[in-house]
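One structure below.
The values are calculated or read from the model by the stated rules, or taken from the named source; none is laboratory data. What you are looking at is a predicted structure, and each value in this text was computed from that prediction instead of being measured. For neighbour counting, all protein chains shown are included, and Cβ atoms are generated from backbone atoms with ideal geometry for every residue, glycine included.
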Amino acid sequence: MESRKYLSARGLGTLLLICATSPQINMAQIVSGEIDTVTVVIDPSESQAIARAAQARFERRRIRYFPLVLGSATAACDERIGRFCSWYDEGDWYPRPELVEAEELREELLFLLDSIQALLPGDGWLLGQRVWYLSEAQRWEEALEAARSCGTAEPWWCAALEGFSLHGLERYVEADRVFSIAIDQMDNEQSLRWRVPRWVMDDDGQNVVKEAATSSSEALDNLLERLWRLADPLYLVEGNDRKTSHYARWTVAKIREEAKNPYRISWGNDLDELTIRHGWELGWNRTSDAGFTTVEHVIGHKHPEGRDYIPPGKILNTPSLAVSGDLRADVERPRSLYAPAYAPVLLPMEGQVAFFPRGSRVVVVGTHFLPDDTTRHVGHDHPIPWLNPGTQDGMLDRAGIFLVPLDGARIKSAQVMGHTEGALSLEVPSGSYVLSTETWSPRKRRAGRLRMGFQSQPVPEDVASLSDILMLRPSSREPEVLAAALPHALKKAEILAGQTFAIAWEVSGLGFRSETLLFEVSVSSINRGVLRQIGEFLRIIEPARPLRLSWEEPGPLSPGPLFRYLNLDLPNLKAGKYEIRMVLKTAGRADAVSARVFSVQEQ
């Protein structure tokens with residue numbers, strides 16, 4: 001389910017439309033002694049006052065160009081945050097082009113701010129406003145240029161504005177580096193406030209952070225590094241844009257802290273929290289309550305495809321135990337929202353994952369495919385600007401499988417370019433990891449991912465180990481090794497009724513002595529209805545018998561993985577969920593068992 005967010009603040013009075021000519025910069029003149037010379041002295045306080053008045057006037061005047069919508073802005077809130085009422089469902093709202101009149105007002109303001117900045121090169125407030133309004137106009141290159149020519153402003157602030165601009169340009173590696181410089185140059189209190197993302201974390205997460213912070217600075221650093229690694233939307237994309245977006249949001253909050261805003265209220269802790277949790281507004285509406293009042297409300301909208309990429313606190317200490325549901329971004333009541341610019345539509349991808357133990361190592365197989373876009377706006381008859389290919393037009397589709405070690409070591413990966421459907425494998429030492437299988441179509445600005453934790457223990461020699469079962473399309477030429485089977489892997493553990501399929505698996509830990517292997521394969525339904533379960537319990541209905549197949553074969557003559565492949569033709573399976581269960585029996589050993597749940601869909 002998609003989650004969305006918008007904010008509403010009650011106006012503090014009726015809207016006043018004030019027209020004024022552009023202010024002139026006030027100067028004082030001093031006549032020096034007997035020499036007929038005039039020296040021009042600029043009063044910095046008056047110049048900055050002019051800039052602040054112009055910024056306030058712009059925010060007042062542009063409200064008239066916000067689209068007017070019917071209805072009340074005082075409906076029941078999904079969440080109250082300070083003075084604000086928040087909803088998770090954006091409905092049919094989508095970002096529309098800004099009116100030309102509003103653009104012209106912003107250009108006038110930027111011209112004035114640029115002029116005054118030339119007179120006050122060290123004024124950090126002016127610099128922040130210029131960078132902010134350039135970003136609003138999507139003039140990110142100019143915003144970066146302004147941030148880098150910061151004059152004598154505080155160094156940490158210059159770095160933060162540069163990082164914000166680099167994030168807007170999707171240069172996430174550079175943004176991360178520059179934000180690190182800004183954090184290092186802050187005082188300890190501000191640095192800690194920016195670094196610890198307490199507002200975006202659930203209660204468990206906040207408790208985990210508190211424990212780490214009271215333990216040591218190193219423990220906190222390690223925890224935050226792990227959190228941001230898990231929050232990264234796609235490892236396919238260089239850099240960590242969810243992390244840099246966090247610092248970009250703090251930068252925006254700082255820019256707007258001492259400036260006027262469309263809500264016509266003073267900046268406060270609630271606006272800090274909303275900005276850090278959900279980002280800055282992408283669009284605006286205004287509405288009036290029905291009735292006798294003429295008070296207008298301003299509604300700020302966030303990205304319609306925002307999702308929550310922050311991992312839940314319960315898995316931060318043990319990410320290798322996370323199931324796929326723990327790391328899904330499309331939760332119903334998100335603590336935070338973010339939409340990657342390169343793939344705003346990032347959907348769950350329930351592909352196959354299979355583990356093949358091989359002694360002290362393990363081969364991980366993951367299938368990938370581009371999920372269908374089932375989001376709200378895809379079927380609407382209006383522009384979808386966030387899915388415009390833009391600069392990503394012509395970029396190749398790509399997919400990858402990634403294993404994230406929990407000790408902070410480098411992420412291991414296997415990637416492919418040019419398509420979005422298939423299977424990839426990666427062999428790594430046994431241990432604790434987070435697995436991410438991903439696919440991304442830059443042109444469609446859509447991606448899919450499956451992310452989960454796993455633990456793999458080394459298998460001692462002469463201990464039989466059965467791998468997971470991998471479902472395949474049947475092949476006329478049976479593959480003899482795992483690598484040859486991967487091109488035939490089904491993208492999901494799913495078949496159509498009457499469809500023939502195959503399975504593949506491996507056995508390791510054999511070949512140290514002569515022995516006979518007994519394989520037993522069964523397929524049984526796991527979604528019996530309640531009435532059938534009652535009937536079977538009362539012995540009114542005969543329990544369904546699983547389909548079984550067994551055979552014997554000699555074990556391998558030498559140590560190494562034993563790969564096996566089997567075609568299955570089960571034409572009588574009706575729509576529903578089933579389990580393939582495999583048991584390996586060998587004399588003198590405990591049984592080895594593996595299972596795969598799959599579904600059958602109607603033709």
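Summary of values
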| item | result |
| --- | --- |
| Condition broken by Arg477, with the remaining ones in (1) of a type outside the set (A, V, I, L, M, F, W, C); (2) out of contact with any His (no Cβ under 6 Å at 6 or more places or on another chain); (3) modelled with pLDDT of 95 or more satisfied | (3) |
| Options Ala343, Ala339: the member that is over 21 Å from Arg256 (Cβ atoms) and among the hydrophobic types (A, V, I, L, M, F, W, C) | Ala343 |
| Looking only at segment 70-87, and only at residues there that are touching a Leu at 6+ places or on another chain (Cβ under 9 Å) and of a type outside the set (A, V, I, L, M, F, W, C), the one that is modelled with the lowest pLDDT | Ser86 |
| Wholly within segment 112-189, helices (runs of 4 or more DSSP H) carrying at least 2 residues that are crowded, with 21+ Cβ neighbours inside 10 Å, assigned by TED's automatic domain parsing to the domain that holds Asn240 and polar (S, T, N, Q) | 124-136 |
| Any hit, segment 308-327, residues being in contact with a Pro (Cβ under 9 Å, 6 or more places away or on another chain), under 24 Å from Arg445 (Cβ atoms) and among the hydrophobic types (A, V, I, L, M, F, W, C) | yes |
| Segment 499-516, residues that are surrounded by 14 or more Cβ atoms within 10 Å (Cβ to Cβ) and either within 27 Å of Lys574 (Cα to Cα) or not assigned by TED's automatic domain parsing to the domain that holds Ser550 (or both) | Gln499, Phe501, Ala502, Ile503, Ala504, Trp505 |
| Pair list, Cβ under 8 Å, 6 or more apart: segment 138-155 residue in contact (Cβ under 8 Å) with a residue 12 or more places away in the chain, other residue in a loop (DSSP other than H, G, I, E, B) and hydroxyl-bearing (Ser, Thr, Tyr) | none |
| Exclusive hit being farther than 26 Å from Pro429 by Cβ, touching a residue at least 24 places away in the same chain (Cβ under 8 Å) and not β-branched (Val, Ile, Thr), set Glu506, Glu494, Glu461 | Glu494 |
| Qualifying residue in segment 536-553 (condition: acidic (Asp, Glu), at pLDDT below 95, farther than 30 Å from Leu346 by Cβ and in contact with a Pro (Cβ under 6 Å, 6 or more places away or on another chain)) | yes |
| Every pair of residues 6+ apart whose Cβ atoms lie under 8 Å, when the first sits in segment 379-392 and is within 16 Å of Pro95 (Cβ to Cβ) while the second is not in a loop (DSSP other than H, G, I, E, B) | Ile384/His377; Ile384/Val378; Leu387/Val345; Leu387/Arg446 |
| Enumeration of residues in segment 344-370 that are within 28 Å of Ser432 (Cα to Cα) and not in a strand (DSSP E or B) | Met349, Glu350, Gly351, Gln352, Gly359, Ser360, Phe369, Leu370 |
| Whichever residue in segment 465-490 is buried (at least 18 other Cβ atoms within 10 Å of the Cβ) and not hydrophobic (A, V, I, L, M, F, W, C) and, among such residues, is nearest to Pro556 (Cα to Cα) | Ser465 |
| In segment 239-268, the residues that are of a type in the set (S, T, N, Q) and either buried (at least 21 other Cβ atoms within 10 Å of the Cβ) or under 15 Å from the mean Cα position of the chain (by Cα) (or both) | Asn240, Thr244, Ser245, Thr251 |
| Any hit, segment 582-603, residues being in contact (Cβ under 8 Å) with a residue 24 or more places away in the chain, in the same structural domain as Ala497 (by TED's automatic domain parsing), in contact with a Pro (Cβ under 9 Å, 6 or more places away or on another chain) and not in a loop (DSSP other than H, G, I, E, B) | no |
| Members of segment 349-382 that are surrounded by fewer than 18 Cβ atoms within 10 Å (Cβ to Cβ) and among the small types (Gly, Ala, Ser) | Gly359, Ser360, Gly379 |
| The lone exception for Ala341 - which of (1) in contact with a Ser or Thr (Cβ under 7 Å, 6 or more places away or on another chain); (2) part of a loop (DSSP other than H, G, I, E, B); (3) among the aliphatic types (A, V, I, L, M); (4) modelled with pLDDT of 95 or more it fails | (1) |
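Table: residues versus (1) hydrophobic (A, V, I, L, M, F, W, C); (2) at pLDDT 95 or above; (3) under 20 Å from His167 (Cα atoms).
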position	(1), (2), (3)
Ala259	yes, yes, no
Asp272	no, yes, yes
Trp280	yes, yes, yes
Asn285	no, no, no
Asp289	no, no, no
Lys302	no, no, yes
Tyr309	no, yes, yes
Leu316	yes, yes, no
Leu327	yes, yes, no
